[in-house]
Amino acid sequence: VERVTDKVINAAESLKAVIFAGTSYKSFIPGWERATKKGIAVACAPHANAIAVAEWTFSAGIAMLRDLFGLGRGGGKTFNTVPGFPDAKVGIVGLGHVGTRLAELFDSIGMQVSYWSQAEKQTTFHYF
């Protein structure tokens, strides 16, 4: 990931804005103070990628549950028996934007969802 440093900002003759698709932009745009002084707008898009992150995590979780990596091209297995989704349990740490969407995805296929978050949420998922 490229970082927008003071050097980049100083070299930018006609830059109008720097926008980060995430929450904490300061580590990715270390030149944010220089940009602001030059009149370049600096913005972030919190939670813009939350659905994509949840979907990727869901896919990886299903692949692990079904042992698709062991059955795949590089794996040594040719057959595997795994429990069904309703027999599976998943624990999620943090029920923010990503965690909530992830819990909904796992719940939609019948998995038992538990979570921990800084505070208990109003949800049907089990809090621990």
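Observations, loosely collected:
- Non-local lysine pairs in the chain, meaning eight or more places apart or on different chains, with alpha-carbon distances under 30 Å, amount to 12.
- Once the Cα-Cα distance is subtracted from the 0.36 nm per residue extended length, the Asp107 to Ala63 segment shows a gain of 14.2 nm.
- Radius 12 Å from Cβ of Arg101, net charge of other residues (Lys, Arg +1; Asp, Glu -1): -3
- Each peptide in 99-106, 42-49 gets a packing score, the mean of other Cβ atoms within 10 Å over its residues, and the list from highest to lowest is 99-106, 42-49.
- Thr81, Thr123, reordered so the largest accessible area comes first (probe 1.4 Å): Thr81, Thr123
- Segment 12-60-segment 86-126 distance, computed between alpha-carbon centres (Å): 28
- Difference of contour (0.36 nm per residue) and Cα-Cα distance, Phe128 to Asn49: 25.8 nm
- Relative contact order (%) - criterion: Cα under 8 Å, at least six apart; region: the chain: 18
- For segment 106-114, the Karplus equation 6.51 cos²θ - 1.76 cosθ + 1.60, evaluated at θ = phi - 60°, returns couplings of 5, 4, 5, 9, x, 6, 7, 10, 10 Hz by residue, with Gly and Pro reported as x.
- Charge dipole of the chain (Cα centre as origin; +1 on each Lys and Arg Cβ, -1 on each Asp and Glu Cβ, all else neutral): 420 debye, rounded to the nearest 20.
- Per residue, in Å², the accessible surface of segment 5-78 once ligands and nucleic acids are set aside, probe 1.4 Å: 68
- Counting charges near Asp6 (Lys, Arg +1; Asp, Glu -1) among other residues having Cβ under 12 Å from its Cβ returns a value of +4.
- Cβ-defined net charge surrounding Glu33, 13 Å radius [Lys, Arg +1; Asp, Glu -1]: +3
- ³J(HN,Hα) computed for each position of segment 74-84 - Karplus, 6.51 cos²θ - 1.76 cosθ + 1.60, integer Hz, glycine/proline x: x, x, x, 9, 10, 8, 7, 10, 10, x, x
- Gyration tensor (alpha-carbon) shape descriptor, the chain, a/c threshold 1.5: oblate
The values are calculated or read from the model by the stated rules, or taken from the named source; none is laboratory data. Source: prediction; values computed, not measured. For neighbour counting, all protein chains shown are included, and Cβ atoms are generated from backbone atoms with ideal geometry for every residue, glycine included. Note: areas computed on protein heavy atoms with side chains; ligands, DNA, RNA excluded. Shrake-Rupley method; radii C 1.70, N 1.55, O 1.52, S 1.80 Å.
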